[in-house]
Amino acid sequence: MSITIKDVEHVANLARLELSDEEKDKFTEQLNAILKYAEKLNSLDTENVEPTSHVLPITNVTREDVTHESLPIEKVLLNAPDEEDGQIKVPAVLE
């Protein structure tokens, strides 16, 4: 399998890119080099290699969702810039 200039032109057209003739030649050459390198992987013996979806082990780093008792409203209002009737008062954001 190889990439032709027509393939590069087609992809450039889909991406709405205007490429010069020099760029088309350059990208065709580079993409063919990438494909050639990727074909080397087919020669590797991977029969005893387990398929992976990620190169590093990934674990969930979030903690369990555990409920706790909330702070009393008096303590919460101590950190509020302003309060009114037991609620945090903020500047109006809507007209």
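The values are calculated or read from the model by the stated rules, or taken from the named source; none is laboratory data. If you're wondering where the values come from, they're calculated on a predicted model, not measured in any experiment. In this analysis, Cβ positions are derived from the backbone assuming ideal geometry, glycine residues included, and neighbour counts consider all displayed protein chains. Remember, those area values only see protein heavy atoms, side chains included, never the ligands or the DNA or RNA. Shrake-Rupley method; radii C 1.70, N 1.55, O 1.52, S 1.80 Å.
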Next on the checklist: Could you list, ordered by first residue, the pairs with Cβ atoms under 6 Å in which the first is in the stretch 30-45 and farther than 10 Å from Ile3 by Cβ and the second is of a type in the set (Val, Ile, Thr) and open to solvent by less than 70 Å² (accessible area, probe 1.4 Å), at least 6 apart or interchain?
Outcome noted: none
Item to check | the stretch 50-91, residues that are over 36 Å from the mean Cα position of the chain (by Cα) and hydrophobic (A, V, I, L, M, F, W, C) | outcome: Leu71, Ile73, Val76, Leu77, Leu78, Ala80, Ile88
Checklist entry - So which helices (runs of 4 or more DSSP H) are wholly in the chain and hold at least 2 residues that are surrounded by 11 or more Cβ atoms within 10 Å (Cβ to Cβ) and of a type in the set (Lys, Arg)? => result 21-40
